[in-house]
Amino acid sequence: FGVVLVLAISMHWLWITVLYVATGLSMGRSPITLLKNMMPAYFTALGTMSSAATIPVSLKATKENNVKDGIANFTVPLCASIHLSGSTITIVTCATAVMLLTPELGLPSFTAMVGFILMLGVTMIAAPGAPGGAVMSALGLLASMLGFTDAALALMIALYMAQDSFGTACNVTGDGAIALWVDKFAPDELEQTATDSKAEPT
């Protein structure tokens, strides 16, 4: 289990590194600076284990990367609900570990695993913004597509919860990179619309 947790966290950082190196190079900015500005959001997520609870810090960190206010105010809260790359990485890693450790569960074919990952990406959309929400949303897929028994599902939950804070931290750090891309390609009209929507009374 210790190896699985280290592997999951390593994959989080591999994904974050690729994301920010690609973003920084394509925009002519320092990936290290961009990532450094997002570190307050990363460490806040480690403590809260919730993308939703980290939104204020994520917003501030994103704006420090010179993302326009309107774009940041639109993108960061949206990504807190629909962008769960770290959680998806963790669930796939932990599910593979549970299948290897459980004799009655055989490893699925490559095609079946790809199908599971694609369905998982859909299921993760709007997963509850609470600790463990992602894995709870994935239990149905684990049982129906990978044949997890009740005991395997319980093991999966325990293994996932042991590192949930790191998955959440990966999610919110990735939100900052997505906001940079939206800021780069969004027309000025979108930024103005997002600003106007914020100004309108509810």
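The values are calculated or read from the model by the stated rules, or taken from the named source; none is laboratory data. Nothing here was measured: the structure is a model prediction, and the numbers come from that model. Using ideal geometry, Cβ is built from the backbone for each residue, glycine included, and neighbour counts are taken over all protein chains shown. Heavy atoms of the whole protein, side chains included, go into the accessibility calculation; ligands, DNA and RNA do not. Shrake-Rupley method; radii C 1.70, N 1.55, O 1.52, S 1.80 Å.
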Quick check, is Gly176 under 21 Å from Leu35 (Cβ atoms), at pLDDT 90 or above and touching a Phe, Trp or Tyr at 6+ places or on another chain (Cβ under 9 Å)?
yes
Test result for Phe110, among the aromatic types (Phe, Trp, Tyr), touching a residue at least 40 places away in the same chain (Cβ under 8 Å) and surrounded by fewer than 20 Cβ atoms within 10 Å (Cβ to Cβ)
no
Test Phe166 against the stated conditions and say whether it is open to solvent by 60 Å² or more (accessible area, probe 1.4 Å) and closer than 30 Å to Glu64 by Cβ.
yes
For Val114: the one exception among (1) more than 13 Å from Ile91 (Cα to Cα); (2) within 15 Å of the chain's Cα centre (by Cα):
(2)
Would you be able to tell me the number of residues in region 96-121 that are modelled with pLDDT under 85 and not small (Gly, Ala, Ser)?
7
Can you tell me which residues in region 59-76 are over 13 Å from the mean Cα position of the chain (by Cα) and either closer than 22 Å to Leu14 by Cα or open to solvent by 10 Å² or more (accessible area, probe 1.4 Å) (or both)?
Leu59, Lys60, Ala61, Thr62, Lys63, Glu64, Asn65, Asn66, Lys68, Asp69, Asn73, Phe74
Among (1) of a type outside the set (S, T, N, Q); (2) surrounded by fewer than 19 Cβ atoms within 10 Å (Cβ to Cβ); (3) at pLDDT below 90, which single condition is Met49 missing?
(2)
Residues in region 1-46 that are within 17 Å of Met161 (Cα to Cα), of a type in the set (Gly, Ala, Ser) and surrounded by fewer than 14 Cβ atoms within 10 Å (Cβ to Cβ): how many?
2
